1. Quickly run through segment 362-392 and pick out the residues that are part of a loop (DSSP other than H, G, I, E, B) and without any contact (Cβ under 8 Å) to a residue 12 or more places away in the chain.
2. Can you tell me which residue in segment 21-43 is nearest to ASP144 (Cα to Cα), limited to those that are polar (S, T, N, Q) and surrounded by fewer than 17 Cβ atoms within 10 Å (Cβ to Cβ)?
3. Mind checking which pairs have a first residue in segment 164-187 that is within 15 Å of SER343 (Cα to Cα) and a second that is among the β-branched types (Val, Ile, Thr) and assigned to a helix (DSSP H, G or I), Cβ under 8 Å, 6 or more apart or different chains?
4. Output the residues belonging to segment 192-213 that are among the charged types (D, E, K, R) and over 24 Å from the mean Cα position of the chain (by Cα).
5. Can you name the residue in segment 165-196 that is of a type in the set (S, T, N, Q) and within 20 Å of LEU281 (Cα to Cα) and is also surrounded by the fewest Cβ atoms within 10 Å (Cβ to Cβ) among such residues?
6. Tell me the residue from LEU365, LEU381 that is modelled with pLDDT of 95 or more, surrounded by 12 or more Cβ atoms within 10 Å (Cβ to Cβ) and over 27 Å from the mean Cα position of the chain (by Cα), please.
7. On the given criteria, is LEU109 in the same structural domain as LEU15 (by TED's automatic domain parsing), free of Cβ contacts under 8 Å to residues at least 12 places away in the same chain and under 30 Å from GLY46 (Cα atoms)?
8. From the list LEU109, LEU114, LEU176, pick out the single residue that is in contact with a strand residue (DSSP E or B) (Cβ under 8 Å, 6 or more places away or on another chain) and closer than 22 Å to ARG36 by Cβ.
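The values are calculated or read from the model by the stated rules, or taken from the named source; none is laboratory data. If you're wondering where the values come from, they're calculated on a predicted model, not measured in any experiment. Glycine also receives a Cβ, built like all others from the backbone with ideal geometry; neighbour counts cover every protein chain displayed.
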Amino acid sequence: MRTQVAIVGAGPAGLLLSHLLHLQSIRSVVLENHGRQYIEERIRAGLLEQGTVDLLVDAGVGERLKRERLVHHGIELRFGGRGHRIDLSGLTGGRTVSIYAQHEVIKDLVKARLDAGGQILFEVGDVSVHDVTGATPRVRFRKDGGAQELECDFIAGCDGFHGICRDSIPAGALTLHDQHYPFAWLGVLAETPPVSPELIYTHHDRGFALFTMRTTRISRLYLQCAPDEDIANWPDDRIWQELRTRLGDDGGRKLRDGPMLQKGITAMRGFVVEPMQHGRLFLAGDAAHIVPPTGAKGLNLAVADVRILSRALAEHYRNGGTALLDSYSEVCLRRVWKVQRFSWWMTSMLHRFHDEGPLRQRLQLAELDYLTRSKAASTSLAENYVGLPFDD
């Protein structure tokens, strides 16, 4: 087999890259080790920045998104038992965020690629990349029991944190930055109306909580917990009680019990690899960086990566230039580190660090009080939350 760009991974990064390349008449093949149903049903992130929405709409894959999304103009920060609204739109010239689940984005992108005759090879195994520093990189894999090889000009490693692409780069060629936080999130998907039309971020003596949603009937709820927490220790009744406690008396009365559709524990970490390219192999999305989910940036950062990579590849195929390809990592990392900073700041401000005593908590409360009283501080949060401008 032969193509121009081999894309490993059919997540948001890989599928959007394939679609953006198609719009530039650049051929690609996407390799995915799971089946189509799996990737279209797996519950993941659900908040899209303004720039992400604009890009999907401009690329022709945003019609269902525009119809079904929940548009949010603000968020609420709760601390000391009271809520404080941050007017995202008012502080950023009308910009918003949208609730639209990642698996719905996946469905839209898969449909667009298949409708256009694009190649997505599902349920492939034993994927390996070869000769990434040569003129003709290759991807080997097994499909339907048979060994196959895909020759290409470039490889895009969009296969996530646990994928094979990053690990195929010689260790000495990369610098890894890794931070583990001393807590995790217990997340549930519940069939109950959201307690608020906008997200609520809660700082509480017992730990952080987040109240968000997927639809007007389905809530996504999170509780800070120990990193080694056993989900078996959290029956439904305990989760509902803890959510009400951390939300407070006024908000807790609005929270209605409902069937829990999903439960899970999410570790909290920050991770960046430098550089994000090696030879003709380019890393994008979670293969190159992980952010703690407090700032809702993971999917959006992957979109920013492939926007830059698609433009760099288009320049190369248009006139043979390599300037944008050569600077891919440098340009991406400028945004990556700003997003890491914002996610770290949100995480550090809102979570309880049980090993640091009351001083840390008083400093957090002072930070929150300043943030909600200062227009300059609120504007900084709002600008980062709705998404920084794309960097070319």
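1. Of everything in segment 362-392, just one residue is part of a loop (DSSP other than H, G, I, E, B) and without any contact (Cβ under 8 Å) to a residue 12 or more places away in the chain, namely SER374.
2. The qualifying residue nearest to ASP144 (Cα to Cα) is GLN37.
3. TYR181/THR347
4. ASP205, ARG206 - these are the residues of segment 192-213 that are among the charged types (D, E, K, R) and over 24 Å from the mean Cα position of the chain (by Cα).
5. Filtering segment 165-196 for residues that are of a type in the set (S, T, N, Q) and within 20 Å of LEU281 (Cα to Cα), the one surrounded by the fewest Cβ atoms within 10 Å (Cβ to Cβ) comes out as THR175.
6. Testing whether each residue is modelled with pLDDT of 95 or more, surrounded by 12 or more Cβ atoms within 10 Å (Cβ to Cβ) and over 27 Å from the mean Cα position of the chain (by Cα) leaves just LEU365.
7. So LEU109 fails the test.
8. Exactly one of LEU109, LEU114, LEU176 is in contact with a strand residue (DSSP E or B) (Cβ under 8 Å, 6 or more places away or on another chain) and closer than 22 Å to ARG36 by Cβ, namely LEU114.
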